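A short worksheet on the structure shown next.
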Amino acid sequence: MSKKKIYHVIQVSQKMIQTFPKQGHMNVVFNAVFYRNGKKLNSIDQADVVNFSHLVRNYDKSENPDKVKVEFKDLDSGNLIWAKTFQWTDVDEEIPRALGYTGLGEAEVNDLVQRKFSEMERSKELERMAAELQRLQSENEELEFQMQDMQNTLDAKKQVEYYSNIIGMALPGLARFLTNSPMGAAMNFLAGTDQEGKSIEQGKEDETEPKDTQRETILEMIASFCKTMSNQELGTMYLMLSEIEKDRSNLQRILQFITQPKPVNPL
């Protein structure tokens, strides 16, 4: 059969297939028998209607029939639902003759142009949105980097300020030494404070407070000594001073322990 004829067979059969569920036939199969010059050729048996179009086209190409008999059956009941034989002459009569091609009218041309223009506009809009998305993502990454950098700086300042407060509370004397030292200046800078930023009342108190030269000398010696310590020794000193700060009587116990006579080993 020609393509138009086999298409007609499929079109008519598909319309009938669509009516089967409405008739209560939910499980339908079909048979298709192909003939040429009155001789039976290969056939399709008990195939699912879902595959009707595909199978019929393939068999038409391989068998080149001039007649096709199609049957549809309800697989549950075994009853024949619909059957039809398509022949060359019958199909020629049933296919309506196509009118001569007159070309596209003005409305059709305008519609095609409008659709093409709309597709181009959508494509441009998608490209613009993709570029804008890329720009926003870059800005977002830059802002996240800046925010993380600011957060790290803030965390560092908070940490230095926190430990500065701990030293000030636990070891007032040591904190006082560090105030005028390079380490104290660095800590004040990181903590966001100024070593010169004293209050008016504190300045007046400093002016009226008598200076004790001997006391200042001792404090400076202790500070200088602490600077010579290793990290382990400085940590030990911190722990010891923390215990003294809790109970200042520990200071006398340590002094007594250090100054007590050492036993002499017998010869």
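Ordered by 1.4 Å accessible area with all protein chains kept, His54, His25, His8 run largest first as His54, His25, His8.
Close amide H partners of Phe86, meaning residues 5 or more places away or on another chain with modelled amide H under 5 Å apart, are Val68, Lys69, Val70. Annotation: lysines with alpha-carbon distance below 21 angstrom to Lys61 (same-chain offsets under eight excluded): Lys3, Lys4, Lys5, Lys39, Lys40, Lys69, Lys84.
Which log10 I(q)/I(0) values, to two decimals, does segment 29-79 give at q = 0.29 Å⁻¹ under the Debye formula with one point per Cα? Result of the Debye calculation: -1.10. Remark: segment 232-237, residue by residue, has Karplus-estimated 3J(HN,Hα) of 5, 5, 5, x, 4, 4 Hz, where x stands for each Gly or Pro and the curve is 6.51 cos²θ - 1.76 cosθ + 1.60 at θ = phi - 60°. Shown in residue order for segment 8-15 are the 3J(HN,Hα) couplings computed by the Karplus curve 6.51 cos²θ - 1.76 cosθ + 1.60 at θ = phi - 60°: 5, 4, 5, 4, 5, 5, 5, 4 Hz (x for Gly and Pro). Within the straight-line cut-off of under 29 Å between alpha carbons, the lysines reachable from Lys227 are Lys157, Lys158, Lys198, Lys211, Lys246, sequence neighbours fewer than 8 places apart in one chain being disregarded. Note on Lys116: lysines with a C-alpha under 30 Å away, same-chain residues under 8 apart excluded, are Lys124.
The values are calculated or read from the model by the stated rules, or taken from the named source; none is laboratory data. For clarity, every value in this text was computed on a predicted model and none was experimentally measured. Keep in mind that these areas ignore ligands, DNA and RNA; they rest on the heavy atoms of the full protein, side chains included. Shrake-Rupley method; radii C 1.70, N 1.55, O 1.52, S 1.80 Å.
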